[in-house]
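Let me begin by presenting the structure, written as C-alpha cells, before commenting on it.
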C-alpha cells in the first residue's frame, strides 16, 4: 500500500520553476500558513494533554493539501465546508482563531461565526457535510451567486453512503463544488487497502459524471493548481470536481489515538523526506524566496498568535446550564423552557 | 370554507406558499412531472418550473442533506420523503444534521426546512411503507414533529411549518389522504404549534391521539356513547412542541385517559403522553391510564394489518376498562 502510494508521489525537492497561479509572495504566504497549521495541531495536542481542552485531530502531514486548496478559493466569495482537520482553512476564511479554541474547550456558540463568514462549522459525522456542500452550491447557483463550495473529507469518509449520494447529486445538479478528498492512508487504524480495492479514488468521479484528478497532496503548489482548475470549472458552470490529494497522516488520528498499536515503522519509510513543510521550504530556498532568519520570525509570530488565542479562549466565561438550551430552536416552547428552569434550579 | 381531502389541502398549501415566497422550493422523488406518488405536488412543476420543483435522485440522505445546504444558501426547502419508513435511510441527516445545525452554529445557521413524509397503516402497502416511526424523531432535539389529522389542520400546520424558522417533520396520514375530508378555511390559515385540538368534549374518559388515530378514537367514542360512556377526544396535532398544559387539563377534566397510536407500544409516544399526564395531573386521575397501540412486532403486510393497527373495537375495549376501573 505504502509503495503504491509512494509511486503516486513525485520525488521531493524544488524544480526551480514557479508554478503558475501562485506568485512569489503567495508562495511565502502558503509556507507561513503551513507553519501555522502545524503549530495549531501541535498546540492543540499539548493543550489536550494538559487537560485544557477536548479531543482534537491534528493536520500533521496534510498541511499542503489543506493550505494549497484553501488558497485557491476567493475569500468572501467562496465557501469552505470542513470535516474537522482543516482548522487552518477555517481561520484563513474568516473564523476567528479564538473561536477554534473555544470550540475545543466547549464554549457555547463557538461555532457561530461572524456574519458573512463563508465557513460551515466543524463536522464530526464523516461525510455528512458532503450533501450539505452540494445543496449549498446548488442553492447559490439557483439564486445567481457565483460562489464555489470546497468540501474537505478523507479516504475513510469516502466509503460512507453520504459521499456517494452527494457526488451523484452534484453531477446531476452540476453543482459548483470541489470535493477535496485528502487520502492520508489511514482511517484511525484502518489502512487504505482495507478501505477500498480501487487503485484510485479520483477515478470514482467518472461514475458520477464529474471531473476527477489525483494530485500530489504533499506539494502545496500542485494542490493549489489542481484546486484552482476545479474552482474555475465550477465558477464557469461546468460542475463539480473530485480531487484526491495523496498525502500521509504523520501523527495519530487524534489525541485519543495510539498508532503504535497498528502502524509498522516501515510504513513511514516511503514518506520520509516528504514532509510538506520541508518540501515547501526547499522550493522557496531554490527560488531564493526565503531569506535567512525569516522562517524563525514566522514561527515566533505564529506561536505567539496561537498562544494568545488559546489564552483568550480559556479566559472566556465558563458555560452555565443555560448554555445547553441556547439555539436548539428559534422558538423553544413551554416544555423546553420548563426543563431549562428545572435544570438551573436543580444545579443550585 | 371549502371541503377538501388532506392531499388537496397539502397541494394547495404548497402552491400558496411557493406563490408567496420565491425562496420556497420543493424537492423529492417523483415530485415533479409525476406530481408525487400521491399527487401531493400535482401541477406544481408546471406552475413553478423544474428549478423550484425538483425531481431528486433516489437517495433519501441526499434529499435531507442537500436541504441543509439549500437552507444555508438562503432558500426554504420543502423536501418529501416518499414514505416515512424510507426516511430511515436519511435518519442520520435528519437527526444529526437538519435538527442540530442551528444549535451547532449557535444560531448562526437557521434551518427553515420542512420534511414531509406520509406514514401509517390500513392502505395495504408493501413492507416498510406504513411504519409509524414518529417517536424516534421526537428523540432528535432541534426538529419539530407535526402530525395533522384533518384537511383544515393539514393546511394550517403546513403553512406554519413552511414559515417556521425551525426544521419541521410534517407527517401525513396515508389513510387520511383521500378519506379525510373536511372544511378548510380559504385564504390565510395558520395553526400554531403546541396547541392541541379538542375534537369533542365528554365527561367520562379522555382519548388522546394524533394523525390517523384521531379518526379511530372518534369512531370508538361514538361506540362508547351508544353504551352511555361519554368521551372527550383530543388531537395533539404536534408532538414537538407538546401541549403539556392542554394535555394535562384535558385528562384532568375526566380523570381517565386512553392513548391511541399506530406505532409499537414500547417507547412509543404514548408512553410520553402518560408520563406527562402523571407529572402534571396525577392527583386528578381516577383510574390507570391505558394505551392502545400496535404490538412490539414489525409492521405486517396484507390483511394482517387489520390486527396490527388499533381499531375502534380495541379502543372501545380500553375505554370500557378505563371507565369501569377505580
Grab every C-alpha pair in chain B, bin the distances at 10 angstrom width from 0 up to the longest one, and report whole percents. 6, 27, 35, 22, 8, 1, 0
How would segment B:197-324 be classified by its alpha-carbon gyration tensor: rounded, prolate or oblate, with rounded meaning a/c under 1.5 and the a/b versus b/c comparison settling the rest? oblate
How long are the semi-axes of the ellipsoid equivalent to chain A, from square roots of 5 times the Cα gyration tensor eigenvalues, in whole Å, largest first? 32, 26, 21
Peptide B:84-93 - average C-beta neighbours from other chains (10 Å radius): 2
Given the options A:170, A:308, A:57, state which has the largest fluctuation in a GNM of chain A using a 10 Å cut-off (strictly under) for Cα springs. A:308
Which whole-angstrom value gives the distance between the alpha carbon centres of segment A:54-76 and segment B:221-276? 54
Ordered by fewest other Cβ atoms within 10 Å, a rough proxy for footprinting exposure, A:174, A:118, B:155, B:195 read B:195, A:174, A:118, B:155
Expressed as a whole number of Å, what is the distance separating the alpha-carbon centroids of segment A:291-312 and segment A:146-180? 35
Over chain B, with a Gaussian network built from C-alpha contacts below 10 Å, which listed residue (B:188, B:134, B:45) shows the highest mean-square fluctuation? B:188
Using a 10 Å cut-off around each Cβ of peptide B:191-199, what is the average number of partner chain Cβ atoms that fall inside? 1
Could you state the orientation-averaged shadow area of the convex hull built on the Cα atoms of segment B:2-184, in nm² to one decimal? 9.3
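When you look at the Cβ of every residue in A:157-166, what mean number of other chain Cβ atoms sits within 10 Å?
Values: counts 0, 0, 0, 2, 6, 8, 0, 3, 14, 6.
Neighbouring Cβ atoms belonging to other protein chains average 4 per residue here.
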What is the distance in Å between the Cα centroid of segment A:216-233 and that of segment A:82-102? 21
With a 10 Å radius around each residue's Cβ, average the other Cβ atoms per peptide and rank A:192-200, A:332-340, B:316-324, A:247-255, highest first. A:247-255, B:316-324, A:332-340, A:192-200
Ratio of the Cα radius of gyration of segment B:123-256 to 2.2 N^0.38 Å, where N counts its residues: 1.08
Interatomic Cα distance distribution for segment B:1-47, bins of 5 angstrom, percent: 5, 23, 31, 25, 12, 4, 0
Using Cα pairs under 8 angstrom and six or more residues apart, how large is the relative contact order of segment A:189-302, in percent? 24
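Among A:219, A:78, which comes first, then next, by fewest other beta-carbon atoms within 10 Å? Let's see the in-between values first.
On the way: A:219 26, A:78 23.
Fewest-to-most ranking of A:219, A:78: A:78, A:219.
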Return the inverse of the average 1/r over all pairs of distinct C-alpha atoms in the protein assembly as shown, which is the Kirkwood hydrodynamic radius, in Å to one decimal. 27.1
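Quick one: pull the percentage of alpha-carbon pairs in segment A:133-257 with a separation above 26 Å. Each step should come with its number before you reach the end.
Details: 1584 of 7750 pairs.
More than 26 Å apart: 20 percent of the Cα pairs in segment A:133-257.
Using the per-residue mean of other Cβ atoms lying within 10 Å as a proxy for protection, in what order, highest first, do the peptides B:301-312, A:289-300 fall? Could the numbers behind the result be given before it?
Values: B:301-312: 15.3, A:289-300: 12.6.
Highest-to-lowest ranking by the protection proxy: B:301-312, A:289-300.
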Within chain A, percent of DSSP bridges classed antiparallel, to nearest 5: 10
Cut-off is 10 Å between beta-carbons; in what order do B:245, A:278 appear when sorted fewest neighbours first? A:278, B:245
Expressed as an acute angle from 0 to 90° and rounded to the nearest 10, what is the orientation of the C-alpha long axis of helix B:60-73 relative to the principal long axis of chain B? 70
Estimated 222 nm signal from helices in chain A, with DSSP H stretches of n ≥ 4 weighted -39500 (n - 2.57), rounded to 500: -13500 deg cm²/dmol
GNM top mover of B:296, B:131, B:164 - chain B, alpha-carbon springs below 10 Å: B:296
Can you tell me what share of the DSSP beta bridges in chain B is antiparallel? A percent to the nearest 5 is fine. 20
Compute the helix-to-body angle for A:276-286: its Cα long axis versus the longest principal axis of chain A, expressed 0 to 90° and rounded to tens. 50
Can you give the log10 of the normalised intensity I(q)/I(0) at q = 0.16, 0.23, 0.27 Å⁻¹, computed with Debye over equal Cα scatterers of segment A:95-178? -0.70, -1.08, -1.21
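All of the numbers you see were taken from the coordinates with simple rules; none came from a lab. Everything numeric here is computed off the predicted structure, so don't read it as measured data. Cβ: placed from backbone, ideal geometry, glycine included. Neighbour counts: every protein chain shown.
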